Amino acid sequence: MAFRDQTIDTFIQELSSKAPIPGGGGASALVGAIAASLTHMVAALTVGKPKYAAVEAEMQGLLKETESLANRFLALMDEDAAAFEPLAQAYRLPKETEEEKANKSARMEAALKSAVQPPLEIMETCAKALPLIAQCAEKGSVVAVSDAGVAASLCRAALEGASLNVFINTQGMQDKSYAESLNQRARELLSRYGAQAETIFQAVSKRLGA
């Protein structure tokens, strides 16, 4: 069963168990989905209101974009889990002989390069979501501005959480040049969009007199 089809209670129980999946990657993707869904809610509360007629078309577009992003985040929960399985199998391979060591090393490298892709895409999806959150925070219904701030905070958490899953996978790679290219991309996303999330959160806090 896909994670998105589970009840909240079932997912939380699985997350808290000793099973390696779902783990931090799946949790980060779920948090991203919640952030996108909150942004969708702000846009939904804005459309059709005469007071916001000037941004009607913009908010209508945001409804479609945020729904798409929420669905992508949910799909990434399962993609992250699927990518981890070959890595778990590679960890269990024997390494008694030189041949076994070579086989395990090759399998590990391939599995790590595969496992790093979903968390990196979670980060990329956060990068797509944050400009939309910024739009809703600035132009969306004032009655839901706090929700836009929460979305920014959660999206930042998803971004940071996914980055740790990138870094732990690149750490074990033998191809250090490739690993560093992935690390650099993750750092760029953290720097740019983490700062954007903080800016949104602070702007909302200021509007609320915090």
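Nothing in this text is a laboratory measurement; each read-out follows from the coordinates by a stated rule. None of these values were measured; they are calculated from a predicted model. Cβ coordinates were reconstructed from backbone atoms using ideal geometry, including for glycine residues, and neighbour counts include every protein chain displayed.
In nanometres, what is the gap between the two model label sites at Gln202 and Arg92, each 7 Å from Cα along Cα-to-Cβ?
So the two model labels end up 4.9 nm from each other.
Sort out for me the Cα centre separation of the stretch 1-47 from the stretch 63-109, rounded to whole Å.
If you average the Cα positions of each part, the centres end up 19 Å apart.
Mind giving me the nanometre distance, one decimal, between the label points for Glu85 and Leu15, set 7 Å out from Cα along Cα→Cβ?
According to this spin-label approximation, the distance is 2.2 nm.
Taking the beta-carbon count within 10 Å as an exposure proxy, list Thr125, Thr39, Thr7 from fewest neighbours to most. Write out the running numbers ahead of the final one.
Numbers: Thr125 26, Thr39 34, Thr7 8.
Ranked by crowding around the Cβ, least crowded first: Thr7, Thr125, Thr39.
Applying 1/(1 + (r/R0)^6) with R0 = 35 Å to the Cβ-Cβ distance of Asp175 and Glu67, what FRET efficiency is obtained, to the nearest 0.05? Mind showing how you got there, number by number?
Working: r = 37 Å, r/R0 = 1.07.
Working from the Cβ atoms, E equals 0.40.
State the extension gain, in nm to one decimal, for the chain segment bounded by Ala106 and Gln60, taking 0.36 nm per residue of separation less the distance between their alpha-carbons. Walk me through the numbers on the way to the answer.
Numbers: separation 46, 0.36 × 46 = 16.56 nm, distance 4.85 nm.
Residue separation times 0.36 nm, minus the Cα-Cα distance, leaves 11.7 nm.
Give me the percent relative contact order of the chain, please, defined on Cα pairs under 8 angstrom at least 6 residues apart. Display every interim value, and only then the final one.
Details: 275 pairs, mean separation 55.8, N = 210.
It rounds to 27 percent for the chain.
Could you work out the helix-only [θ] at 222 nm for the chain, with each DSSP H run of four or more residues adding -39,500 (n - 2.57) and the total divided by the number of residues, to the nearest 500 deg cm²/dmol?
Working: 7 runs with 167 residues, N = 210.
Computed mean residue ellipticity for the chain: -28000 deg cm²/dmol.
Which entry in (1) -0.44, -0.74; (2) -0.40, -0.68; (3) -0.49, -0.75 matches log10 I(q)/I(0) by the Debye sum over Cα atoms at q = 0.10, 0.13 Å⁻¹ derived from the coordinates of this structure?
Comparing each candidate, only (3) matches the computed number.
What pairs in Lys128/Lys176; Lys64/Lys206; Lys51/Lys206; Lys18/Lys176; Lys64/Lys128; Lys104/Lys176 have C-alpha atoms more than 25 Å from each other?
Working: Lys128/Lys176 28 Å; Lys64/Lys206 29 Å; Lys51/Lys206 22 Å; Lys18/Lys176 31 Å; Lys64/Lys128 13 Å; Lys104/Lys176 18 Å.
Too far apart for the 25 Å limit: Lys128/Lys176; Lys64/Lys206; Lys18/Lys176.
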